[in-house]
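Undergrad: Could you have a look at this structure, given as structure tokens, before my questions?
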Amino acid sequence: MKIDWTKMGHGMHKPFMALATILASVLMTFNPAHAGSVSRIDANGSQITISFDDLVEGASAFSLVGPDRIAIDVQGGKAGRGGHATGIVKGVRQGQYTPNTARIVFDLERPAMVTAGSFSEDGKKLNLRLQPVGQSQIASGRQSFLPPANFRAEPPRKSYSVKMPLGKPRDSVNLPKIYGPNDVNRPLVVIDAGHGGHDPGTVSPHGGKYEKNVVLALAMAIRDRLVAGGRVRVALTRDSDEYLVLEERYGIARRLNADLFISLHADAAGNEEASGATVYTLSEVASDREAAKLAARENKANIINGINLGGATRDVSSILIDLTQRETMNVSADFAKLLHREGSRQMVFRKIPHRFASFVVLKAPDTPSVLFEAGYLTNKDDVAFLNSRDGRARVATGVASAIESHFARKLAMR
């Protein structure tokens with residue numbers, strides 16, 4: 001059965017979605033798990049020891065930069081709390097990444113990577129050795145470690161599994177018009193106005209402005225500024241009040257072979273004094289709690305009546321990030337710095353202007369992408385600025401200047 005999620009009206013399919021929710025709950029897979037909990041973590045200088053109270057299936061390690069971190073995924077593990085850290089490791093965090101995987105993140109004083117690792121003979125300790133390196137020396141991908149075969153937990157067995165097709169985002173969404181020079185050699189930028197249709201995004205308490213309308217007006221202003229500049233081509237994921245599944249948004253950029261993808265939003269905050277712009281780039285591990293909460297909130301745009309309309313699985317996303325996206329993420333981070341540099345001449349940014357989180361809309365593996373929060377709709381000054389002709393022009397000038405500088409830099413390097 002093929003379901004067109006994009007054109008689906010929120011009310012028209014509510015009975016179907018409610019039924020699908022019930023069936024999905026009834027037919028869910030049972031996964032009884034047996035896992036070892038993380039009982040102790042000691043990070044002393046270049047040596048890390050992770051202890052477990054029972055057997056685990058294995059572990060894998062990978063490095064992250066900006067900020068510098070090392071993440072350890074423990075398969076068949078349950079997360080504990082904190083850990084002891086000295087030397088190059090300045091902090092330890094734990095969390096349950098999936099029901100069967102514990103994730104441990106080591107915050108570092110400087111870039112480093114795991115150079116060696118092994119389990120103890122009884123499988124209840126994982127010993128890792130760190131080596132400080134330059135950022136350019138950090139290798140992509142994961143390093144895997146397995147306990148001795150006789151001391152290895154068995155993966156959880158499924159008693160049974162029933163699959164029910166709920167549909168996937170279409171790859172046949174009509175591609176948008178490309179504006180600007182009629183020259184395929186010119187860089188192509190795809191501007192994504194967040195939310196739309198039945199999903200209004202943030203609703204401002206100051207005048208009732210909808211985020212979906214605010215960011216669409218900004219997207220059009222940026223498009224017009226870029227077209228007037230004549231240096232790049234530009235396309236909009238939507239130019240009307242239309243709902244798109246998150247994967248369809250970056251999917252459009254990929255199908256157009258875009259050179260840059262920018263998703264526009266306007267955030268909400270519990271404190272009405274919070275104001276200013278922020279630029280986010282992709283990371284599996286959020287830079288702070290606020291970034292993690294924002295990503296969780298924005299990623300829920302795919303969920304209607306409890307059904308996740310997105311098609312990307314956690315495993316696929318993890319593989320893309322680990323194996324494909326390293327260079328893409330570096331380019332995205334470089335553009336984020338440019339956006340702050342050029343944009344701050346036209347608008348106010350937050351004290352920490354560049355943050356990291358796992359936004360679904362940024363997960364195109366081969367398209368540099370940023371999510372730009374232009375301001376807070378809960379702040380009356382930001383609302384007035386973003387809804388004024390002068391404010392939109394200033395945002396458009398700042399974003400367009402960053403885009404043109406980005407591609408000028410690439411051309412010079414070439």
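Undergrad: Residue pairs, Cβ under 6 Å, 6 or more apart or interchain, first in segment 341-353 and under 14 Å from Ser275 (Cβ atoms), second among the basic types (Lys, Arg). List them.
TA: Met347/Arg394
Undergrad: If I go through segment 369-394 residue by residue, how many of them are more than 12 Å from the chain's Cα centre (by Cα) and over 22 Å from Asn271 (Cβ atoms)?
TA: Here the count works out to 6.
Undergrad: Quick one: in segment 184-203, of everything that is under 20 Å from the mean Cα position of the chain (by Cα) and part of a loop (DSSP other than H, G, I, E, B), which residue is modelled with the highest pLDDT?
TA: Ranking the candidates gives Gly194 first.
Undergrad: Still on this structure, please answer the following. Out of the residues in segment 58-104 meeting the condition of being among the hydrophobic types (A, V, I, L, M, F, W, C) and surrounded by fewer than 18 Cβ atoms within 10 Å (Cβ to Cβ), tell me which one is nearest to Ala35 (Cα to Cα).
TA: By that ranking, first place goes to Ala79.
Undergrad: Show me the helices (runs of 4 or more DSSP H) found entirely inside segment 255-353 where at least 1 residues are modelled with pLDDT of 55 or more and not small (Gly, Ala, Ser). Before the answer, list the steps.
TA: Values: elements: 289-299, 314-319, 325-343.
In segment 255-353, 289-299, 325-343 are the helices (runs of 4 or more DSSP H) which contain 1 or more residues that are modelled with pLDDT of 55 or more and not small (Gly, Ala, Ser).
Undergrad: Still on this structure: Does His206 count as under 14 Å from Tyr376 (Cβ atoms) and either basic (Lys, Arg) or part of a loop (DSSP other than H, G, I, E, B) (or both)?
TA: Yes.
Undergrad: Then there is this: Residue pairs, Cβ under 7 Å, 6 or more apart or interchain, first in segment 395-413 and surrounded by 19 or more Cβ atoms within 10 Å (Cβ to Cβ), second part of a helix (DSSP H, G or I) and of a type in the set (Val, Ile, Thr). List them.
TA: Taking only residues 6 or more apart or on different chains, the pairs are Ala396/Ile222; Val399/Ile222; Ala400/Ile222.
Undergrad: Looking at this structure, is Asp171 among the acidic types (Asp, Glu), surrounded by fewer than 15 Cβ atoms within 10 Å (Cβ to Cβ) and modelled with pLDDT under 90?
TA: yes
Undergrad: Scanning segment 223-239 for residues that are touching a Phe, Trp or Tyr at 6+ places or on another chain (Cβ under 9 Å), part of a helix (DSSP H, G or I) and of a type outside the set (Val, Ile, Thr), which turns out surrounded by the fewest Cβ atoms within 10 Å (Cβ to Cβ)?
TA: Within segment 223-239, the match that is surrounded by the fewest Cβ atoms within 10 Å (Cβ to Cβ) is Asp224.
Undergrad: Please pick out the residue among Ile41, Ile48, Ile22, Ile70 that is of a type in the set (Val, Ile, Thr), outside any loop (DSSP other than H, G, I, E, B) and either modelled with pLDDT under 85 or more than 24 Å from Gly141 (Cα to Cα) (or both).
TA: On the way: Ile41 fails: either modelled with pLDDT under 85 or more than 24 Å from Gly141 (Cα to Cα) (or both); Ile48 fails: either modelled with pLDDT under 85 or more than 24 Å from Gly141 (Cα to Cα) (or both); Ile70 fails: either modelled with pLDDT under 85 or more than 24 Å from Gly141 (Cα to Cα) (or both).
The conditions single out Ile22.
The values are calculated or read from the model by the stated rules, or taken from the named source; none is laboratory data. Remember, it's a predicted structure, so these values are computed and weren't measured experimentally. Neighbour counts run over all protein chains shown; Cβ positions are idealised from the backbone, glycine included.
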